[in-house]
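Have a look at the structure below, then the notes.
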Amino acid sequence: MKELSAFQRDLLFVINGMDEPYGLGIKADLEAYRETTINPGQLYPNLNALVEQGYLTKQQKDDRTNLYVPTDRVARAIADRRAWEDEQCSETEMPTPSP
């Protein structure tokens, strides 16, 4: 997951939490999280890149809709990322707020 952009990492987290991850649904969930509009020209090339890198498989749901299904690599990558984040946060002592 280290080789991915922040946008691609966010895509994987959103997709991993969806029951039926299709383009417009992914876009809507990511827009809600990021509180910004996601351009299809940004979304679909990144989804295709994640397919090429083995994080997702692209399956046809119907004539107009593709599903982007996470592979086993996603669960491992998310677990590794969370472990790294936990390690980084535990190494940094947070200052105590003054009263």
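Quick look at the values:
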quantity: Normalised contact order of the chain, rounded percent, pairs of Cα under 8 Å and 6 or more residues apart; calculated: 27
quantity: Answer label, with P(r) over Cα pairs in 5 Å bins from 0, in percent calculated from the coordinates and candidates (1) 2, 12, 22, 21, 16, 10, 6, 4, 3, 2, 1, 0, 0; (2) 2, 14, 27, 26, 19, 8, 3, 1, 0; (3) 2, 12, 17, 16, 16, 17, 12, 5, 1, 0, 0; calculated: (1)
quantity: Positive dipole terminus of the chain, leading residue within Thr36, Leu4, Leu67 (C-beta point charges); calculated: Leu67
quantity: Placed amide H near Leu56: partners under 5 Å, 5+ positions off or other chain; calculated: Val51, Thr71
quantity: Lysines with Cα under 24 Å of Lys2, excluding same-chain neighbours fewer than 8 positions away; calculated: Lys27, Lys58
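None of the figures in this text is laboratory data; all of them are computed from the coordinates on show. Keep in mind that what you see is a predicted model, and the values were worked out from it rather than measured. Positions of Cβ are backbone-derived with ideal geometry, glycine not excepted, and every protein chain shown enters the neighbour counts.
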